[in-house]
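Everything on this sheet refers to the single structure shown next.
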Amino acid sequence: MKLKTHFPCGRTLYRFGLLTLALASLNACTSQKLQQQNQANLASAQECIAAHQAHSAEHGQQQTQILAQLQQLQSQLDLQQKALEARPQVVERLIPKADCPAPVDNGAKKANAKDQGQTDKQIVGLREQTLIAGLNVVMNARINTNVANSVIDARNIQMFERNGEEWVRFTIFNPDTKEPHVLERKRLRFQTVQTSNPTPDRRPVVEIRFTIGKLNQRGEFILADRSTSEYPILIGRNLLRDVMLVDVSGNNLAPLQRSDASSSAAAKN
């Protein structure tokens, strides 16, 4: 028996060949497009990296410039600070300088007390001697225009009532003889004073007559223990205002001028 073998016809083979060729062309085209796309992505990534590197370099240059400018500013500040520290101390006045005596030498400063007729105000330095009226007690006083209220060294401060009013009993010591003097004054008010303690202190304020140079007057003082201070009395703006001029370049510019009349009047007060 003979077997019959079937072969595809020529047209079918031709179509198959075309299909194979088309598939091969499509694969080649796709591979080429993928390769081109990968190359484009790689170029874009390289450009991005280069841009970042350039930005980093520029940022580093800016930081270097800023540091140089800061160092220059610091040098200028140091020079200004040295210049300020080297400036001479100026004369401080409580009234316009045009009304004050012009700066003079040390010999002329001693003559200021004799020239008080040129002004109604007492010229004082940073340190002056103060006479407490009625006690014949002289205390060193520190003149400070930065302080609002004056303070006097007082010990054993006690509050009591007299005729329905609050009074204060306190002790003042003679700096030379250490002799105690007990005084009693009507309490005017309490003054809150900031100290090193967490809570501020409330200290009594009284009126005391005192003498500096030619000036004899009553003044309000805060009572406080100043035993550790070099100056038992601190003269602030409340006593300086309108009656004294401060020359910060000198000391003891107002020699005490005692008079029997003022002493007797002070003793009564």
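Read the figures in this text as sums done on the coordinates, not as results from a lab. Model, not experiment: these values are computed from the prediction. Ideal geometry is used to build each Cβ from the backbone, glycine not excepted, and the neighbour counts take in all protein chains shown.
Computed from phi, the 3J(HN,Hα) profile of the stretch 221-231 under the Karplus parametrisation 6.51, -1.76, 1.60 (θ = phi - 60°) reads 10, 7, 8, 7, 7, 10, 5, 8, 9, 5, 10 Hz, with x in place of Gly and Pro.
Distance between the modelled labels on Gln81 and Phe16, one decimal in nanometres: 9.7 nm (7 Å Cα→Cβ projection). Label reach from Ala148 (point 7 Å along Cα→C-beta): in the stretch 234-254, amide nitrogens under 12 Å belong to 237-238. Summing +1 for each Lys or Arg and -1 for each Asp or Glu among the other residues whose beta-carbon sits under 9 angstrom from that of Phe190 gives +4. Towards the positive end of the charge dipole of the stretch 124-269, with charges on Cβ (+1 Lys, Arg; -1 Asp, Glu), say which of Leu183, Ile212, Ser249 has the farthest Cα. Looking along the dipole axis, the top candidate is Leu183.
With a simple spin-label model that places each label point 7 Å from the Cα along the Cα-to-Cβ direction, the separation between Asn163 and Asn238 comes to 2.3 nm.
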